[in-house]
1. Hey, fewest Cβ within 10 Å first, where do A:TRP265, A:TRP293 land in order?
2. Among residues other than B:VAL368 whose Cβ falls under 12 Å from its Cβ, what is the net charge (Lys/Arg +1, Asp/Glu -1)?
3. Fewest to most neighbouring Cβ within 10 Å: what's the order for A:PHE197, A:PHE124?
4. Using only the Cα atoms of the stretch A:175-330, what do you get for the radius of gyration and for Dmax, in Å?
5. Label 7 Å along Cα→Cβ of B:VAL452; the stretch B:245-288 residues with amide nitrogen under 20 Å?
6. Debye calculation, C-alpha points only, no solvent: report log10 I(q)/I(0) for the stretch B:372-522 at q = 0.11, 0.16, 0.18, 0.19 Å⁻¹, in the same order as the q values.
7. How high is the relative contact order of the stretch A:175-330? Use alpha-carbon pairs under 8 Å, at least six apart in sequence, and give a whole percent.
8. Once a ≥ b ≥ c are taken as the square roots of the eigenvalues of the Cα gyration tensor of the stretch B:138-178, is the result rounded (a/c under 1.5), prolate (a/b larger than b/c) or oblate (a/b not larger than b/c)?
Amino acid sequence: MTDASWEVLSNQALAAAGVVYFLALLCHLVEWAALLGKDKQRAAAPELVAAGQAGPDTVAADSTEGGTTEATGSGPDLDHRRAFFGRLGLLLTIVATCCHGVSLVGRGMAADPNRVPWGNMYEFTVAGTFVLSVAYLALYRKFKLAWLAPLVLIFNLACLMIAVIWLYDPVAPLTEALNSYWLVIHVVSAVIATGAFSLAGLLSIVYLLKLRKPGATTGLLAHVPSTDVLERTSYRIHAFAFPVWTFAVLITGPIWAHEAWSRYWNWDPKEVWAFITWVVYAGYLHARATGGWRGRNAAWISLIGLASLWYSFIGVNFFNDASQHSYAGSLPAPTTAVVQTVDQPLAPAPTANL
Amino acid sequence: MTSPETDTGPETTPGTGRETEPAGSADSGGKQRKPRRAGELNAVEFARWGWRQLTSMRTALVLLLLLALAAVPGSIVPQEGVDSLKTSNWQDAHPKLTPIYERLGLFDVYSSPWFAAIYLLLMVSLIGCILPRTKVYWKALRAQPPAAPRHLDRLPASTSYTTDESPEEVLARARTLLKGKRYRLRRTGAGAGAGVDGADAVSAERGYLREAGNLLFHVSIIVVLVGFAMGSLFGYKGGVIVVAGQGFSNIGQQYDEFQPGSLFDEDSMEPFSFTIDDFDVNWIMDGPRAGMAQKFVSHISYTEEPGAEEKTYDLQVNHPLQIGDTELFLIGHGYAPVLTVRDGEGNITYSGPTIFLPEDESFMSFGVVKAPYAEPEGIGMRGLFFPWYMMTDEGDPTTLMGDDRNPLVSLNVWKGDLNLESGPQSVYVLDTSKADQLMGEDDVPYRMDLQVGDTKQLPDGLGSVTFEGVQPWNKLQISQTPGKELALGGVILALIGLLGSLFIRPRRVWVRARRTEEGTLVEVASLDRSGGGDPDVLVARLVTELAPEGTGAAEPRGSTEPAEPAQPENPDNPENPEKKS
Ligand code: HEM
């Protein structure tokens, strides 16, 4: 295959992934509609409410509570529909994730010389959402994440849309500074941490919503896990992401910056925001261990962390043009002013990394 | 020790907040103290109170959030140390704000006193946190797992079943099972308080390394900062531009810019020297990155000290050269047109490669030529270099890309006094305050365009200029960063500690077996002390492993779906011998 056809393949695979993600989302919406329909039936048949309450926290696709409503006429019907669309949605998500992966591989193969597919913001976004999908699928059973499906899908679709519309960059060879095996190590860890923090942040949001009506027996929130489970799952994913982020930002980042730019840490805006993100998440971990800060406050801190994380990834490139980390796609403004001393960035600096 | 959820370090027990509360609070501990208000604290007490506040977990948290907040302005206001040019441009554009910002240290946030205050407080708090915690940990390491509380079923994660086996059998199996899972078991018999954890229960605990990891992590933060500080105090950073074919010896005077740390000792500079033999660039000719320079390699030969054997190295971005403790980095490149200036009397008054600085990624470059001692009048020139020039319709040159396939130098000329007596001047700046610019027809400034090999006469009989050729130059950064291994070792240790602190789940397990009328009642309970574990799962798994197949149905009783948070408050069992004061 030629480089050009790899690139076409990559673009088409991403389009396909987008469509299939969307279909998966529709399936999960039908699933949820069936779930809410069941709530209504329960309300209509009050004697069943008590029975139904036994498992308000059970997972949507988990059919353990199925038995409770079998008495009503259309109950099994709804259950059936719910389970079917739940499974179909999962299957489609798997298919979409595969297409997503193919798109990434195609991106890497299209470059000459071949390289890892995270050399610019478009590729980073595509890779980050891929990690989110994979993380969701990998933890699906362990943390019973079925209920999270619509959120993951909406988040991924939105990010992919942003990537395709605003961040798209044609396949290009890497700039000199990016051309290092540290690109593989540093960026892959940053991508993994970003995906995981995002997933954990979604859980924090649901947790905060659920906190407002912890005992709800009907409505969307009745079908997400209990606040404890949400909080703990969110913590565990954060706890996974934090060391990975530490590794990406405070170990491999400085080592690479040292080799490429001859300094470990220069308080470049990207570095500043990566540091802020790190400190905020350290704050989250502390808050969780501090009386009076557990739960709600800690969850808010984690969301501040998430905002800072995404700012350090996207915001910095758009709002801080001084960043040496701006990707090759958005070149730093040339130094037009007459140079006064030699203390200037002399390399015509499409030097970049994350 | 209490659960980490509620326990926030030895110095940060809820008692810290109590000190300021008026006497007679519901708190039983308060009753024993004499009634007093904050104002009545004497100096020692006040110091102690302040220390407790400073080293409390809440303060650490607030300081962390403050640190994050304090780092923000540095990404908004241009920073002197990051981009001095941008900073001075900004300062010129905001004359009103500049003095205020200057006073606040906003152009140099990360070395400003208020930023330092936050992280120094954090460090003090950190040390104040580590020391007592280490002591407590040291004791806890040698302590036995606490005895089983009297009412195991009051623990949030507990269950029970009845079996036909004798209690001794059950407990023996529980011991083997837990030992196999690398739990530390409480000794039974004489030492244990009779009736509490005597013969009828097994108490086990594991996950001691979590706290070790936590301590390691926090200590490592200090190590990293020490390493960092060493680098900036004892190290130096210098930059120099060297034209291909020329050499450099590592002494201070040879640097274009030199930034030593405040405790830097010039004797520690290594006596190496090097020559740039050749420089290769690969230009991308098509595709979306056409015009980008790639794979630049500087072929250098160097000697580590005078008289030593000469070695060669291919210096590239991402591949620095290490000589002793000094590192050399290739951080930029550009062109130096070789120009020869003859004055009005035919003497060569200026000759050699002239470093032009690239203005943008097309490598259109700016440079200055000064021949102040030319006769009859000094000659100053300033202009642009175009590596692959092309004339626009207006007759101005522009460059196709950075490859020097068809170079052109385009210069404006001044004559007269170049004001060199006024003090040191940058070689990249032409002081035209006392010189006159040569004008061409129609009163537009005179411009001289030269291709390689061209010689052109200057007007007014000033002399001539010859463009002999083009030499590439390299910008090198040369630096010594002592302590960098320490800092690196520190972050790696911190990461290891962090993994321990986050993924080791300390937990306690109790199994009690008692004869009852229906058979042997086995109670199993667990306490998660990490905040991340799910003790119900743990208990359920233990029960399945403990109950031998076929015997008494392992009917979990009690809460597998805890109504209370899964991370319990301290169960507050009075028997807990380890409960700290
Ligand atoms: C330089 C700033 C600091 C950073 C980046 C930091 C980071 C962390 C992290 C990532 C954890 C993690 C994990 C966990 O959940 O076990 C942690 C735990 C902890 N930190 Fe810090 N910390 C800092 C300063 C402090 C200070 C000043 C104190 C003392 C007041 C402190 C006391 C603690 C304690 C007691 C824990 C254990 C919490 C637990 O047992 O769950 N830290 N810290």
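1. Values: A:TRP265 17, A:TRP293 21.
Fewest to most other Cβ atoms nearby, the residues stand as A:TRP265, A:TRP293.
2. Working: positive: B:LYS370, B:ARG382; negative: B:ASP431.
For residues surrounding B:VAL368, the net value is +1.
3. Values: A:PHE197 27, A:PHE124 23.
The fewest-first ordering by Cβ neighbours comes to A:PHE124, A:PHE197.
4. My reading of the Cα-based Rg and Dmax gives 17.6, 59 Å.
5. Under cut-off, by backbone N: B:245-246, B:276-285.
6. With one equal scatterer per Cα and no solvent, log10 I(q)/I(0) is -0.68, -1.04, -1.20, -1.26.
7. Details: 155 pairs, mean separation 40.5, N = 156.
26 percent.
8. On the way: a/c = 2.93, a/b = 1.46, b/c = 2.00.
Cα axes put the stretch B:138-178 in the oblate bin.
A short reminder: the numbers here are calculations on the coordinates, not readings from a lab. Fair warning: this is a prediction, and the values are worked out from it, not measured in the lab. Cβ sites come from the backbone with ideal geometry, for glycine too, and all protein chains shown count toward neighbours.
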